[in-house]
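A short write-up of the structure that comes next.
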Amino acid sequence: MQPQAIISRSFIEDSLPATADFNQIALISPSVSNFGGANGSGLSESKAQIRGFQDAEYNITYDGVPFGDTNDPSHHSNTFFPSNTIETLVVDRGPGNASNLGIATFGGSMNLFSR
């Protein structure tokens, strides 16, 4: 089993604005860093790193469905997943196992679950 950080709805509601994007939520997780995008969802884009791996070197899923750019495995935080639509965010800090390997799991994965 890979190390995980589970970020609960109570933390999201108590600590973040409703306009926060998924990268801002993930910042509480150990080994996640973020740059850019201080204006909220849809207003600018931020990029996260997990364990030093940059965007396109980790997977992101929403309710188990992978999402990313259509031409490469990168992700865009201005995709409309503001914090008020997310129940839980789980950050897996490892390459995963046979059941969750994807195109870019080197750095781990962010798994978003809806409310």
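This table checks each residue for (1) at pLDDT 85 or above; (2) closer than 21 Å to residue 49 by Cβ.
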residue: 70; (1), (2): no, no
residue: 76; (1), (2): no, yes
residue: 86; (1), (2): yes, yes
residue: 99; (1), (2): no, no
residue: 106; (1), (2): no, yes
residue: 115; (1), (2): yes, no
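Among the conditions (1) touching a helix residue (DSSP H, G or I) at 6+ places or on another chain (Cβ under 6 Å); (2) under 19 Å from residue 2 (Cα atoms); (3) at pLDDT below 85, residue 81 misses just one, which is (2).
Filtering the range 2-26 to residues that are surrounded by fewer than 15 Cβ atoms within 10 Å (Cβ to Cβ) and assigned to a loop (DSSP other than H, G, I, E, B) leaves 2, 3, 8, 17, 18, 19.
Checking the stated criteria, residue 60 turns out not to satisfy the condition of being at pLDDT 85 or above and part of a helix (DSSP H, G or I). Out of 29, 41, one residue alone is modelled with pLDDT under 75 and buried (at least 18 other Cβ atoms within 10 Å of the Cβ). It is 41. For the range 8-24, what are the residues that are at pLDDT 85 or above and under 11 Å from the mean Cα position of the chain (by Cα)? Within the range 8-24, 22, 23, 24 meet the criteria.
The values are calculated or read from the model by the stated rules, or taken from the named source; none is laboratory data. Just so it is clear, the structure is predicted and the values come from calculations on it, not from any experiment. Methodologically, a virtual Cβ is constructed for each residue, glycine included, from the backbone with ideal geometry; neighbour enumeration extends over all protein chains shown.
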